[in-house]
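Asker: What follows is a structure written as structure tokens; I'll ask about it next.
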Number of protein chains: 2
Amino acid sequence: MGTTQLDTVQEPKYWHLKTVLSDALDSEFAVGEILPNERDLAARFGVARATLRQALEQLELEGRLQRRRGVGTTVAPPRMGVPVADRSGHSWPGAPGDAWQPVDAVAVDGGAVPAAVAEALGTGAGDSLHVVRRTRVDHGQPVAAELLYVPAGSVPGLVADATIGPVARARAVLHELQRLALDGEERAVELGSARAEDAKQLDRLPGAPVLVVTTRYVTGGRTTAVAVSTYRADTCRLTFGDHDTLDVLPG
Amino acid sequence: MGTTQLDTVQEPKYWHLKTVLSDALDSEFAVGEILPNERDLAARFGVARATLRQALEQLELEGRLQRRRGVGTTVAPPRMGVPVADRSGHSWPGAPGDAWQPVDAVAVDGGAVPAAVAEALGTGAGDSLHVVRRTRVDHGQPVAAELLYVPAGSVPGLVADATIGPVARARAVLHELQRLALDGEERAVELGSARAEDAKQLDRLPGAPVLVVTTRYVTGGRTTAVAVSTYRADTCRLTFGDHDTLDVLPG
DNA sequence: CAGTGGTCTAGACCACTGC
DNA sequence: CAGTGGTCTAGACCACTGG
């Protein structure tokens with residue numbers, strides 16, 4: 001008869017391991033509980049530590065685990081729903097009630113902004129822009145960092161007061177935006193990896209997966225401002241709409 | 001004087017490598033061009049292959065590279081903008097002009113659907129649901145796979161004809177949906193990893209990063225259907241709004 | 001068939017956390 | 001300080017693609 005085994009598919013070890021661990025998380029561990037360390041887990045499953053880590057990486061990507069250097073691996077709570085836009089969705093950043101906190105603002109030259117932002121705004125080298133940094137904290141932990149690009153021409157009423165602090169400057173730019181009409185917002189979501197600067201704000205390591213939301217604010221057919229917001233992909237579920245009730249992940 | 005070097009941060013090798021490669025991609029390679037193989041690249045940069053691969057993984061995650069087993073690593077084109085919802089956004093799946101192709105449909109028991117879907121729909125074991133599989137192809141390549149869950153109670157007019165084929169059954173379910181009123185849609189976007197089944201449809205390996213879009217279709221305050229769509233995270237930029245012009249990634 | 005990327009190993013050292 | 005996860009190495013073998 002020869003070999004009766006049907007090894008047709010040849011599942012990778014780390015993939016099978018991930019499944020086993022995932023089931024174990026569901027049945028044998030509580031949220032926040034700390035797992036055995038990687039060396040012990042690898043030994044227990046009879047695999048190399050690198051293979052075990054490949055499985056853990058997957059589970060962390062799916063938001064099931066949280067790993068912290070020097071501490072350990074813990075079971076993550078379900079992802080939090082983070083409202084990005086409600087259907088009405090017509091309000092400037094900094095409008096009353098938005099979830100963001102201004103950090104600071106600096107004036108930069110048009111040549112120093114990402115190419116795609118410059119293209120959207122129609123700016124180039126020689127133009128002056130305000131860059132407002134903002135941060136977002138939900139349920140007590142930082143979930144997103146943002147860079148808001150506002151061409152100086154979009155906020156002509158802004159007084160150039162060099163004596164005020166960086167936070168006040170950020171507030172001033174946001175305040176000026178509210179005076180403008182807003183015809184609409186246009187968003188795009190894509191996967192990215194955290195830059196060193198963002199990573200620090202988000203309390204993650206550089207390169208951590210993030211959801212990058214790019215928002216174009218449109219007035220009279222022209223783009224008045226562009227926001228690039230990076231959300232922690234491991235802990236956030238971005239919601240579009242009014243409600244906030246639905247968590248699904250079939251992986 | 002001792003050590004004058006300011007190694008304050010200690011950048012990981014793979015991170016630095018990623019930066020170098022990213023710059024090289026911008027300046028020295030054209031879209032579609034094939035890179036040297038991993039062993040050569042690793043040798044050229046004086047690192048182990050595993051380290052080189054860690055850098056390549058990052059770049060693939062950011063949509064800069066495309067790797068295919070047995071073929072090689074190529075420079076990826078910019079991510080394509082994939083419209084997920086326009087602002088009007090009030091139409092059932094299967095409405096004329098939508099980008100999806102029905103694959104098949106099966107009837108399942110309420111106990112066999114993901115817990116989160118069951119919760120949203122208010123179904124449980126014993127209830128009957130239609131599950132419609134759909135696929136989405138943009139610019140000539142598959143970008144997304146979808147499972148659409150429709151409680152049998154939502155489409156009472158559906159004739160139970162066992163003689164028709166699976167594709168026709170999918171079309172029939174979609175056709176019945178159009179007869180219902182639709183008050184609104186509610187979406188959530190999160191990061192996931194491709195299940196084996198999805199991976200095959202998307203022409204990727206299992207575990208590949210995907211953007212999971214969960215859509216609740218609401219009629220009269222009740223959820224009439226739930227769609228779980230998984231988009232290739234490496235090649236797609238999900239757009240919300242009417243236009244489709246803006247690509248940004250600051251990583 | 002040769003060449004590619006994908007998986008896996010066993011071991012080492014480093015950076016960070018908390019006691 | 002001991003213990004954790006993060007990085008890195010050198011090598012092996014496998015699965016897949018294309019000529």
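Conditions (1) more than 9 Å from every other protein chain (Cβ to nearest Cβ); (2) on the phi > 0 side of the Ramachandran plot; (3) touching a helix residue (DSSP H, G or I) at 6+ places or on another chain (Cβ under 7 Å); (4) at pLDDT below 90, marked per residue:
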| position | (1), (2), (3), (4) |
| --- | --- |
| A:V189 | no, no, no, no |
| A:G220 | yes, yes, no, yes |
| A:Y231 | yes, no, no, no |
| A:R237 | no, no, no, no |
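Asker: Go through segment B:108-126 and give me each residue that's within 14 Å of B:A152 (Cβ to Cβ) and under 21 Å from the mean Cα position of the chain (by Cα).
Answerer: B:V113
Asker: Hey, another quick one. Scanning for something within 13 Å of the chain's Cα centre (by Cα), away from chain B (no Cβ under 12 Å), of a type in the set (A, V, I, L, M, F, W, C) and surrounded by fewer than 19 Cβ atoms within 10 Å (Cβ to Cβ), does segment A:163-176 turn up at least one residue?
Answerer: Checked segment A:163-176: no residue is within 13 Å of the chain's Cα centre (by Cα), away from chain B (no Cβ under 12 Å), of a type in the set (A, V, I, L, M, F, W, C) and surrounded by fewer than 19 Cβ atoms within 10 Å (Cβ to Cβ).
Asker: Can you confirm whether B:V84 is modelled with pLDDT under 95, open to solvent by 20 Å² or more (accessible area, probe 1.4 Å) and within 24 Å of A:V210 (Cα to Cα)?
Answerer: Yes: the conditions hold for B:V84.
Asker: Of the numbered conditions (1) under 22 Å from B:Q101 (Cβ atoms); (2) in contact (Cβ under 8 Å) with a residue 60 or more places away in the chain, B:E176 satisfies every one except a single condition; which is it?
Answerer: Unmet condition: (2).
Asker: I'd like the residue in segment A:177-222 that is basic (K, R) and crowded, with 21+ Cβ neighbours inside 10 Å and, out of all such residues, is farthest from A:V82 (Cα to Cα).
Answerer: In this case the residue turns out to be A:R216.
Asker: To continue, here is another question. Looking at B:G94, B:G63, which is the one that is under 21 Å from the mean Cα position of the chain (by Cα), open to solvent by 20 Å² or more (accessible area, probe 1.4 Å) and at positive phi?
Answerer: B:G94
Asker: Kindly indicate whether B:R204 is touching an Asp or Glu at 6+ places or on another chain (Cβ under 6 Å) and either modelled with pLDDT of 90 or more or on the phi < 0 side of the Ramachandran plot (or both).
Answerer: no
Asker: Also, quick follow-up: Of the residues in segment B:107-127, how many are assigned to a loop (DSSP other than H, G, I, E, B) and surrounded by fewer than 14 Cβ atoms within 10 Å (Cβ to Cβ)?
Answerer: The total comes to 4.
Asker: In segment A:87-118, which residues are farther than 18 Å from A:V137 by Cα and in contact with a Gly (Cβ under 9 Å, 6 or more places away or on another chain)?
Answerer: If the condition is that a residue be farther than 18 Å from A:V137 by Cα and in contact with a Gly (Cβ under 9 Å, 6 or more places away or on another chain), then A:R87, A:G89, A:H90, A:S91, A:D109, A:G110, A:G111, A:A118 are the ones that fit.
Asker: Among the residues of segment B:70-81, what is the count of those that are assigned to a loop (DSSP other than H, G, I, E, B), surrounded by fewer than 21 Cβ atoms within 10 Å (Cβ to Cβ) and either touching a Lys or Arg at 6+ places or on another chain (Cβ under 9 Å) or in contact (Cβ under 8 Å) with a residue 40 or more places away in the chain (or both)?
Answerer: 3
Asker: Further question: Which of the residues spanning segment A:26-69 are within 14 Å of chain B (Cβ to nearest Cβ) and either away from DNA strand C (no atom under 13 Å from the Cβ) or not in a helix (DSSP H, G or I) (or both)?
Answerer: A:D26, A:S27, A:A48, A:L59, A:E60, A:L61, A:E62, A:G63, A:R64, A:L65, A:R69 - these are the residues of segment A:26-69 that are within 14 Å of chain B (Cβ to nearest Cβ) and either away from DNA strand C (no atom under 13 Å from the Cβ) or not in a helix (DSSP H, G or I) (or both).
Asker: Quick check, is B:A120 within 14 Å of chain A (Cβ to nearest Cβ) and touching a Lys or Arg at 6+ places or on another chain (Cβ under 9 Å)?
Answerer: yes
Asker: Pick from B:D98, B:D104: which is away from chain A (no Cβ under 11 Å), within 30 Å of B:T219 (Cα to Cα), of a type in the set (D, E) and in a loop (DSSP other than H, G, I, E, B)?
Answerer: Going through B:D98, B:D104 in turn, the sole match is B:D98.
Asker: Among the residues of segment A:196-232, what is the count of those that are closer than 22 Å to A:P78 by Cα, among the aliphatic types (A, V, I, L, M) and under 11 Å from the mean Cα position of the chain (by Cα)?
Answerer: 7
Asker: Just give me the residues in segment A:201-218 being more than 10 Å from chain B (Cβ to nearest Cβ) and within 20 Å of B:W15 (Cα to Cα), in sequence order.
Answerer: Result: A:Q201, A:L202, A:D203, A:R204, A:A208.
Asker: Please work out which residue is farthest from the other protein chains (Cβ to nearest Cβ), limiting yourself to segment A:75-95 and to residues that are under 24 Å from A:V155 (Cα atoms) and touching a helix residue (DSSP H, G or I) at 6+ places or on another chain (Cβ under 7 Å).
Answerer: Only one residue tops the list, namely A:G94.
Asker: I want to confirm something. Restricting to segment B:128-146 and keeping residues that are among the hydrophobic types (A, V, I, L, M, F, W, C) and open to solvent by less than 30 Å² (accessible area, probe 1.4 Å), which single residue is farthest from B:A168 (Cα to Cα)?
Answerer: Among those residues, the one meeting the criterion is B:V143.
Asker: Then there is this: Can you pull out the residues in segment A:32-61 that are more than 11 Å from DNA strand D (Cβ to nearest atom) and out of contact with any helix residue (DSSP H, G or I) (no Cβ under 8 Å at 6 or more places or on another chain)?
Answerer: Once the filter is applied, which keeps residues that are more than 11 Å from DNA strand D (Cβ to nearest atom) and out of contact with any helix residue (DSSP H, G or I) (no Cβ under 8 Å at 6 or more places or on another chain), segment A:32-61 yields A:G32, A:E33, A:A43, A:R44, A:G46, A:L61.
Asker: Looking at (1) within 16 Å of DNA strand D (Cβ to nearest atom); (2) in a loop (DSSP other than H, G, I, E, B), which is the one condition that is false for B:H16?
Answerer: (2)
Asker: Can you name every residue in segment A:129-151 that is more than 21 Å from A:R195 (Cβ to Cβ) and modelled with pLDDT of 95 or more?
Answerer: A:P151
Asker: Then there is this: Out of all the residues in segment B:141-187, which are of a type in the set (D, E, K, R) and over 27 Å from B:L238 (Cα atoms)?
Answerer: Matches in segment B:141-187: B:D161, B:R169, B:E176, B:R179.
The values are calculated or read from the model by the stated rules, or taken from the named source; none is laboratory data. As the structure is a prediction and not an experimental result, all values here were calculated from the model. Please note: Cβ atoms are built from the backbone with ideal geometry, for glycine as well, and neighbour counts cover all protein chains shown. All accessible areas refer to the heavy atoms of the entire protein, side chains included, with ligands and DNA or RNA removed. Shrake-Rupley method; radii C 1.70, N 1.55, O 1.52, S 1.80 Å.
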